[in-house]
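Below is one structure, written out as structure tokens; the observations come after it.
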Amino acid sequence: MATAAPTPSTSGPAPVVRAGRTPGKLGNRVFAGISTGAGVVILVVLAAVAIFLLYRAWPALVATREDLAEVGFMQGRSMWGYVAPLLFGTVLSSVIALVVAVPLSIGIALFISHYAPRRLAQVLGYLVDLLAAIPSVIFGLWGIQWLQPTLDPFFRWLTDTLGWIPLFADYQAPARNMMTAGLVLAIMILPIITATIREVFLQTPRLHEEASLALGATRWEMIRQAVLPFGRSGVISAAMLGMGRALGETMAVLMVLSPGYLINFFLLQPGQHQSIAANIAAQLPEASGMGVDVLIATGLILFVLTFGVNLFARWVIARRAEFSGAN
Amino acid sequence: MSALALTLAACGNGDASEDDASTGTGTGTTADTASNAGGSGELSGSIAGSGASSQEAAMQGWIAGFMDQNPDVDVTYDPTGSGTGREQFLNGTVLFAGTDSTLDEEELAAGVDRCFGGEVIELPLYISPIAVIYNLPDVDAEHINMDAETIAGVFMGEITSWDDPAIAEANPDVELPDLPIIPVNRSDDSGTTENFTAYLSEAAGDVWTHGEVETWPISGTQSGAQTSGMIDVVSGAEGTIGYADASRAGDLGTIAVGVGDDYVPFSPEAAAAVVDASPAAEDATDLRLTVDLARDTTEAGTYPIVLISYSVACSQYDNEADAANVKGLFEYIASPEGQDRAAQPDVAGSAPISDDLRGRVQAALDRITVAG
């Protein structure tokens, strides 16, 4: 297309001019081909990953207990006996992260969209987005070097005063427990949740807000009446997107958690839980044979879980889009 | 033995032509070229290895030293872990491997195919003491003494306080704090864990009932991934105790281990001594110099918690360059120069192998040839 522009000025023969006048046909076809191809590649890659996981995981999924007995790190558990605690740990860490991150994100998003002066809002928006650019291994290092010693006195106090609640029983230093992992994850998923919620809040119809204010509502009442109901499904889908990231997070969990394979809610004790992704990273280097298959099978389960969570988030977003479109 | 030592010395000078015959192991011209090449700077090409991360630091030192002498050879070592290293070696991805545990029967059978009809060579070229490390900043004793039963009790969770009588009795001169003991283990499958539990199970089997395992058998414990994770956790709280490659102990305190009537802190000499005091493994051959570590030894001056990481290669390769390069590299690793280099505290802090072992290693290396 770009090359077509100078051709007329060279006053060349007719065929050149004709080609210059109808670049659309070829260009359209090429571009349509490229973009279709790109779309197909995504599907093929996704299918290839799914097929690879299924193919490599199959031996472990159908393996007998005797086959699995030779895998050292499973310590005699059955496939589901091994996966269940990992699945539980993965979901538990993500849920802790969400419980902390979602209210915080709503607050930050509201501040940026409705409270802060415009210039401050912009700077703050950038800063939150910047958090997303920090590699997870840095969060892991930060978790070990700074967060763990910082949380230590707080956790001591928690277990001393609220230790009768099983959730907070028997803290042991250093703070390498599910609570710490969940907090690190919370900070890691904060940017994506905040960014999504902020966009949704900014889309609140101006008329709704002004109508609310006109009826004599304060700013907080306006937010409660107009912004939050409008953004509810957006908040849910943002949380799901964040959860999708938290579920698959590897390095940070690997570095800040003393892992274990139990199903319980002792958030302050070490060696109780482990997430699937961190477990794969920890065990794969020394795994061989059936052990690799087992780890890939856990990867398949994580794939299905994140896929489901993301699908659900998309579905909620799509529903909201229709709703606002009808408005 | 003297002939072998001579061969080695000659190889170091890059002039081994007349000694090959005297070893009686040379198998024709290919062997001669291969052995001539060791350290002479005539080698070229590239060889890749992978495996145990325990040897990584030492291997980096060896590769640097070897490539100083042979600038045309490009050597890489990928610390993928022992399991992956063995797998990649057997499927032909890499030419040599490092592994903390010896090859099992199945792997040895697969090794015949991989080695073009030859055999797998396993050499104990990396001997590293495992230190039992603790974090008690307020105790200024150089070492805390513990015998095997006490260490086992601590890691079993039976001895839970630093001023427990079992520890106090062995340390009459040390003022021990009233602090809970926090045992720390490796969270990943690890050769260090395997060697440490092997020691506990052999030297204190009555107390340590979990046997020799790669995966820590007790749940609900503090743990860290890889050696650096272990060090981080032990450093992260007061009263912790763990185990790690001795070269990584840094400022942390180390336990002097009870052997016989003495308490022996780790040292390269004491670690090498226990390997020499150990018998060969049952399935060891002239090519596979695997040893059955005498971890329950009572011989004075030996430090029994040792990790041996084997260097694995083939007795036959399908081309001359590979055979000569691998042989040259392993000869450098086994040489006094190579072993001393790895023993530097800033390289790996390993224990140099004895001259006796070096002789047998050289005999095995002399049998590396080209297939066919």
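The values are calculated or read from the model by the stated rules, or taken from the named source; none is laboratory data. Keep in mind it's a predicted model, so treat the numbers as computed, not measured. Counting neighbours? That spans all protein chains shown, and the Cβs are built from the backbone with ideal geometry, glycine included.
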**Message:** Whether any residue in the range B:107-114 is β-branched (Val, Ile, Thr) and surrounded by 20 or more Cβ atoms within 10 Å (Cβ to Cβ) is what I want to check.
**Reply:** no
**Request:** Output the residue which, of all residues in the range B:54-84 that are of a type in the set (Gly, Ala, Ser) and within 14 Å of the chain's Cα centre (by Cα), is modelled with the highest pLDDT.
**Result:** B:Ala58
**Item:** Filtered residues of the range B:51-108 (kept if of a type in the set (S, T, N, Q) and over 22 Å from A:Val71 (Cα atoms))
**Value:** B:Gln55, B:Gln60, B:Gln69, B:Asn70, B:Thr76, B:Thr93
**Asked** Restricting attention to the range B:286-295, does a residue exist that is within 14 Å of another protein chain (Cβ to nearest Cβ), in contact with a strand residue (DSSP E or B) (Cβ under 8 Å, 6 or more places away or on another chain) and crowded, with 17+ Cβ neighbours inside 10 Å?
**Response** no
**Request:** Go through (1) over 18 Å from the mean Cα position of the chain (by Cα); (2) assigned to a helix (DSSP H, G or I) and name the single condition A:Leu268 misses.
**Result:** (2)
**Request:** Check the range A:114-129 and report whether any residue there is surrounded by 17 or more Cβ atoms within 10 Å (Cβ to Cβ), farther than 16 Å from A:Leu190 by Cα and touching a residue at least 12 places away in the same chain (Cβ under 8 Å).
**Result:** yes
**Message:** Under 7 Å between Cβ atoms, which residue pairs at least 6 apart in sequence (or on different chains) link something in the range B:299-319 that is on the phi > 0 side of the Ramachandran plot with a partner that is part of a strand (DSSP E or B) and at pLDDT 90 or above?
**Reply:** B:Gly301/B:Val264
**Message:** For a quick check of your reading of the model, give me the residue pairs whose first member lies in the range A:44-58 and is closer than 14 Å to A:Ile301 by Cβ, whose second is among the acidic types (Asp, Glu) and at pLDDT below 95, with beta-carbon atoms closer than 7 Å and at least 6 apart or on different chains.
**Reply:** A:Arg56/A:Asp293; A:Ala57/A:Asp293
**Request:** Scan A:Phe201, A:Phe154 and give me the residue that is in contact with a His (Cβ under 8 Å, 6 or more places away or on another chain) and either small (Gly, Ala, Ser) or away from chain B (no Cβ under 14 Å) (or both).
**Result:** A:Phe201
**Prompt:** Which of the residues spanning the range A:253-267 are among the aliphatic types (A, V, I, L, M) and within 12 Å of chain B (Cβ to nearest Cβ)?
**Reply:** A:Val253, A:Leu254, A:Met255, A:Val256, A:Leu257, A:Leu262, A:Ile263
**Asked** Just to be sure, is B:Val207 free of Cβ contacts under 8 Å to residues at least 60 places away in the same chain, crowded, with 24+ Cβ neighbours inside 10 Å and hydrophobic (A, V, I, L, M, F, W, C)?
**Response** no
**Message:** Show me the strands (runs of 3 or more DSSP E) entirely contained within the range B:35-111 in which 3 or more residues are away from every other protein chain (no Cβ under 14 Å) and over 16 Å from B:Ser350 (Cβ atoms).
**Reply:** B:45-51, B:73-78
**Message:** When you check A:Leu254 against the structure, is it assigned to a helix (DSSP H, G or I), buried (at least 22 other Cβ atoms within 10 Å of the Cβ), touching a helix residue (DSSP H, G or I) at 6+ places or on another chain (Cβ under 7 Å) and free of Cβ contacts under 8 Å to residues at least 60 places away in the same chain, yes or no?
**Reply:** no
**Request:** For the range A:289-311, state whether one or more residues are on the phi < 0 side of the Ramachandran plot, hydrophobic (A, V, I, L, M, F, W, C), buried (at least 19 other Cβ atoms within 10 Å of the Cβ) and not in a helix (DSSP H, G or I).
**Result:** no
**Complete:** Only unsatisfied item for A:Leu162, checking (1) more than 14 Å from chain B (Cβ to nearest Cβ); (2) over 19 Å from A:Gln272 (Cβ atoms), is (2)
**Prompt:** Where residues in the range A:74-127 are assigned to a helix (DSSP H, G or I) and of a type in the set (Ser, Thr, Tyr), which of them is nearest to A:Arg206 (Cα to Cα)?
**Reply:** A:Ser113
**Message:** Of the residues A:Ile280, A:Ile276, A:Ile263, only one is in contact (Cβ under 8 Å) with a residue 12 or more places away in the chain, among the β-branched types (Val, Ile, Thr), within 30 Å of A:Ala169 (Cβ to Cβ) and buried (at least 23 other Cβ atoms within 10 Å of the Cβ); which?
**Reply:** A:Ile276
**Asked** Can you name every residue in the range A:265-324 that is closer than 29 Å to A:Arg176 by Cα and of a type in the set (Asp, Glu)?
**Response** A:Glu286, A:Asp293
**Request:** Go through the range B:136-195 and give me each residue that's within 14 Å of chain A (Cβ to nearest Cβ), at pLDDT below 90 and outside any helix (DSSP H, G or I).
**Result:** B:Ser187, B:Asp188, B:Asp189, B:Ser190
**Item:** Unmet criterion (only one of (1) assigned to a helix (DSSP H, G or I); (2) in contact with a helix residue (DSSP H, G or I) (Cβ under 8 Å, 6 or more places away or on another chain); (3) more than 14 Å from every other protein chain (Cβ to nearest Cβ)) for A:Glu210
**Value:** (2)
**Request:** Among what's in the range A:213-222 and is in a helix (DSSP H, G or I) and in contact with a helix residue (DSSP H, G or I) (Cβ under 8 Å, 6 or more places away or on another chain), pick the residue that is surrounded by the most Cβ atoms within 10 Å (Cβ to Cβ).
**Result:** A:Met222
**Request:** Look through B:Asp261, B:Asp276, B:Asp322 and report the one residue that is crowded, with 21+ Cβ neighbours inside 10 Å and acidic (Asp, Glu).
**Result:** B:Asp322
**Unmet criterion (only one of (1) surrounded by fewer than 22 Cβ atoms within 10 Å (Cβ to Cβ); (2) of a type in the set (Ser, Thr, Tyr); (3) in contact with a strand residue (DSSP E or B) (Cβ under 6 Å, 6 or more places away or on another chain)) for B:Ser128** = (1)
